[in-house]
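Comments concern the structure below.
The values are calculated or read from the model by the stated rules, or taken from the named source; none is laboratory data. Predicted, not measured: the structure shown is a model, and the values here were computed from it. Reconstructed Cβ throughout: ideal geometry from the backbone, glycine too, with neighbour counts over all protein chains shown.
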Amino acid sequence: MTTQLAQRRLLTEIPGPASRALQERRGDAVAAGVGSVLPVYITSADGGLLTDADGNRLIDLGSGIAVTNVGHNAPAVVDRVRAQAAEFTHTCFMVTPYEGYVRVCEELQALTPGDHAKRSVLFNSGAEAVENAVKIARVATGRQAVVVFDHAYHGRTNLTMALTAKSVPYKHGFGPFAPEVYRVPGSYPYRDGLTGPEAAAAALDRIEKQIGGDQVAAVVIEPIQGEGGFIEPAPGFLPALADWCSRHGVVFVADEVQTGFCRTGDWFASNHENVVPDLIATAKGIAGGLPLAAVTGRAELMDAVPSGGLGGTYGGNPIACAAALGSIETMHAERLDVAARGIADTVLPRLRAIAERTGVIGDLRGRGAMLAAEFVKPGTNEPDAALTGRIAKACHAAGVVVLTCGTYGNVVRLLPPLSLSAELLDEGISVLEQAILAEAGK
């Protein structure tokens, strides 16, 4: 389906008149609390290009926030969805089950880290997966306390808001939040200057002194933090945490909602340091754009919850399961883990050159096709959110979708589809380079 000859195309300003008209309609129908990074209204997408209502074609370096890893309309996903929709769209797995759900769980059993016996349960969103991982850990351990980290993002439900660090816009005004959630320092090498073992020792000392290891049900962590700024912990940090959890009977939960399914150059980010989570939460890239999420973990933990304790009306919807099977098939066939590593090999050297030339990039980090540039005021590590916003806006005006993130709002993150062509990747990064140079005054 990919249109190999298609290119970025600007027929109007961004957003154009048709998108602006739709934005006017939106104001009268959609709640103001739902934001959009770039109010261009998409009519089709193919080959890493988004076509809007005005006929503009934009290069997508965001993948719908790490969702369309296999592209926007991968043939295996589309074909399986069509076939399943023609058979039935819903029965509810908790009422009358179907094979697709079982097959997805079998794939998760094979793909996720570790060779121990595993079980899975399917949900709709990453937040649901993380919340249910906590539920499972509490039942399995008989404990209540949950440990999370500075700069974490885990979702928008009441419990996952409590797990999330940043107040605005995710938590402000929405309390009170769920109790027995404790936040400790993580590993942010650019800002804390600590080695992985040093950062882990500081976090574990806080846990031992302020909570008590025998009170902790779960440690929940993103192997690479997402919304917090694509923060990659120093080597040794994650293994030290996992080892401590193992020794204290604590469930180690990896939130791989954003990092999973080849995004970081491996099927899961935990694999980069051979960390085997007790429970792993996945979503986003699993199903090529359809809502599906999962908790996969050690059989004895997963089966600690009695029948009826887990589930949901739409969890593991048959069409979403069909999409997941098509997505996984595509990742295998196209070796998208290798493709993600190739994206890093292309992008990072170019951004390093821009960093040296401008002095406004304090840190470049990430793995595979999950990359970030942290912008600071020259000669300091003071966050420069204003510059970051201007750079993103300039990219958008030029027809390239980039996203920002970070506790300080000073990180541009890149999440291109893993199937993006070399030509479109080159063009998209060229636009980003030009935006950095222009906005940095170089």
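Could you grab me the full set of residues in the stretch 267-303 that are among the charged types (D, E, K, R) and more than 19 Å from Val70 (Cβ to Cβ)?
Quick first cut of the stretch 267-303, residues among the charged types (D, E, K, R) only: 273, 278, 284, 298, 300, 303.
Glu273, Asp278, Arg298, Glu300, Asp303 - these are the residues of the stretch 267-303 that are among the charged types (D, E, K, R) and more than 19 Å from Val70 (Cβ to Cβ).
Which one of Gly55, Gly71, Gly64 is surrounded by fewer than 22 Cβ atoms within 10 Å (Cβ to Cβ) and within 30 Å of Gly265 (Cβ to Cβ)? Reasoning before the result, please.
Working: Gly55 fails: within 30 Å of Gly265 (Cβ to Cβ); Gly71 fails: surrounded by fewer than 22 Cβ atoms within 10 Å (Cβ to Cβ).
After applying the criteria, what remains is Gly64.
Residue check, Val360 against (1) surrounded by 23 or more Cβ atoms within 10 Å (Cβ to Cβ); (2) closer than 18 Å to Leu122 by Cβ; (3) of a type in the set (A, V, I, L, M), all met but one. Which one?
(2)
Please tell me if Ala218 is under 16 Å from Ala145 (Cα atoms) and either under 26 Å from the mean Cα position of the chain (by Cα) or not assigned by TED's automatic domain parsing to the domain that holds Val295 (or both). Explain how you work it out, then say what you get.
Numbers: under 16 Å from Ala145 (Cα atoms): yes; either under 26 Å from the mean Cα position of the chain (by Cα) or not assigned by TED's automatic domain parsing to the domain that holds Val295 (or both): yes.
It is true that Ala218 is under 16 Å from Ala145 (Cα atoms) and either under 26 Å from the mean Cα position of the chain (by Cα) or not assigned by TED's automatic domain parsing to the domain that holds Val295 (or both).
Here is a yes/no grid of residues against (1) in the same structural domain as Glu99 (by TED's automatic domain parsing); (2) within 21 Å of Asp115 (Cα to Cα); (3) of a type outside the set (Phe, Trp, Tyr); (4) out of contact with any helix residue (DSSP H, G or I) (no Cβ under 9 Å at 6 or more places or on another chain):
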residue: His272; (1), (2), (3), (4): yes, yes, yes, no
residue: Val276; (1), (2), (3), (4): yes, yes, yes, no
residue: Ala281; (1), (2), (3), (4): yes, yes, yes, no
residue: Gly289; (1), (2), (3), (4): yes, no, yes, no
residue: Gly297; (1), (2), (3), (4): yes, yes, yes, no
residue: Ala304; (1), (2), (3), (4): yes, yes, yes, no
residue: Gly309; (1), (2), (3), (4): yes, no, yes, no
residue: Asp345; (1), (2), (3), (4): no, no, yes, yes
residue: Leu364; (1), (2), (3), (4): no, no, yes, no
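With the condition kept exactly as written, say whether any residue in the stretch 286-309 is under 21 Å from the mean Cα position of the chain (by Cα), buried (at least 17 other Cβ atoms within 10 Å of the Cβ), charged (D, E, K, R) and modelled with pLDDT of 95 or more. Before you say what the answer is, go through the steps one by one.
Restricting attention to the stretch 286-309, the residues satisfying the condition of being under 21 Å from the mean Cα position of the chain (by Cα) are 286-297.
Remaining after also requiring buried (at least 17 other Cβ atoms within 10 Å of the Cβ): 286-297.
Now narrow it down to the ones that are charged (D, E, K, R): none.
No: zero hits.
Out of curiosity, is Gly16 on the phi > 0 side of the Ramachandran plot and small (Gly, Ala, Ser)?
Against the criterion (on the phi > 0 side of the Ramachandran plot and small (Gly, Ala, Ser)), Gly16 does not qualify.
Would you call Arg341 of a type in the set (Lys, Arg), closer than 30 Å to Ala74 by Cα and either buried (at least 21 other Cβ atoms within 10 Å of the Cβ) or not assigned by TED's automatic domain parsing to the domain that holds Phe230 (or both)?
Judged against the criteria, Arg341 is a match.
Got a sec? Which of Arg82, Arg119 is in contact with a helix residue (DSSP H, G or I) (Cβ under 6 Å, 6 or more places away or on another chain) and of a type in the set (Lys, Arg)?
Step by step, each of Arg82, Arg119 is checked, and only Arg119 is in contact with a helix residue (DSSP H, G or I) (Cβ under 6 Å, 6 or more places away or on another chain) and of a type in the set (Lys, Arg).
So, Val251, is that one buried (at least 16 other Cβ atoms within 10 Å of the Cβ) and within 27 Å of Ile65 (Cβ to Cβ) or not?
yes
From the list Ala320, Ala372, pick out the single residue that is modelled with pLDDT of 95 or more and in the same structural domain as Gly428 (by TED's automatic domain parsing).
Selected residue: Ala372, the only one of Ala320, Ala372 that is modelled with pLDDT of 95 or more and in the same structural domain as Gly428 (by TED's automatic domain parsing).
List the number of the failed condition for Glu128; all other conditions in (1) loosely packed, with under 14 Cβ neighbours inside 10 Å; (2) assigned to a helix (DSSP H, G or I); (3) among the charged types (D, E, K, R) hold.
(1)
Is the stretch 98-112 home to any residue that is closer than 21 Å to Ala324 by Cβ, of a type in the set (Phe, Trp, Tyr), crowded, with 19+ Cβ neighbours inside 10 Å and in contact with a Leu (Cβ under 7 Å, 6 or more places away or on another chain)?
yes
Give the number of residues within the stretch 13-40 that are closer than 13 Å to His396 by Cα and either without any contact (Cβ under 8 Å) to a residue 24 or more places away in the chain or surrounded by 15 or more Cβ atoms within 10 Å (Cβ to Cβ) (or both).
Initially, the stretch 13-40 is screened for residues closer than 13 Å to His396 by Cα, giving 13-16, 36-40.
Cutting the leftovers down to either without any contact (Cβ under 8 Å) to a residue 24 or more places away in the chain or surrounded by 15 or more Cβ atoms within 10 Å (Cβ to Cβ) (or both) gives us 14-16, 36, 38-40.
Summing the residues that are closer than 13 Å to His396 by Cα and either without any contact (Cβ under 8 Å) to a residue 24 or more places away in the chain or surrounded by 15 or more Cβ atoms within 10 Å (Cβ to Cβ) (or both) in the stretch 13-40 gives 7.
Give me the residue from the stretch 101-127 that is under 14 Å from Leu292 (Cα atoms) and hydroxyl-bearing (Ser, Thr, Tyr) and, out of that set, farthest from the chain's Cα centre (by Cα).
The residue in question is Tyr101.
Residues of the stretch 188-211 being in contact (Cβ under 8 Å) with a residue 24 or more places away in the chain and outside any helix (DSSP H, G or I), which ones?
Matches in the stretch 188-211: Tyr188, Leu194, Thr195, Ile211.
Every residue in the stretch 146-183 that is within 19 Å of Glu256 (Cβ to Cβ) and not in a loop (DSSP other than H, G, I, E, B), please.
Val146, Val147, Val148, Phe149, Leu159, Thr160, Leu163
Cβ-Cβ under 7 Å, sequence separation 6+ or interchain: first residue in the stretch 91-117 and without any contact (Cβ under 8 Å) to a residue 24 or more places away in the chain, partner in a loop (DSSP other than H, G, I, E, B). Which pairs?
Listed pairs, sorted by first residue: none to list.
Do we find a residue being assigned to a strand (DSSP E or B) and farther than 14 Å from Val295 by Cβ anywhere in the stretch 138-145?
yes
Which is of a type in the set (Val, Ile, Thr), in the same structural domain as Ile211 (by TED's automatic domain parsing) and at pLDDT below 95, of Val134, Val148, Val168?
Working: Val134 fails: at pLDDT below 95; Val148 fails: at pLDDT below 95.
Step by step, each of Val134, Val148, Val168 is checked, and only Val168 is of a type in the set (Val, Ile, Thr), in the same structural domain as Ile211 (by TED's automatic domain parsing) and at pLDDT below 95.
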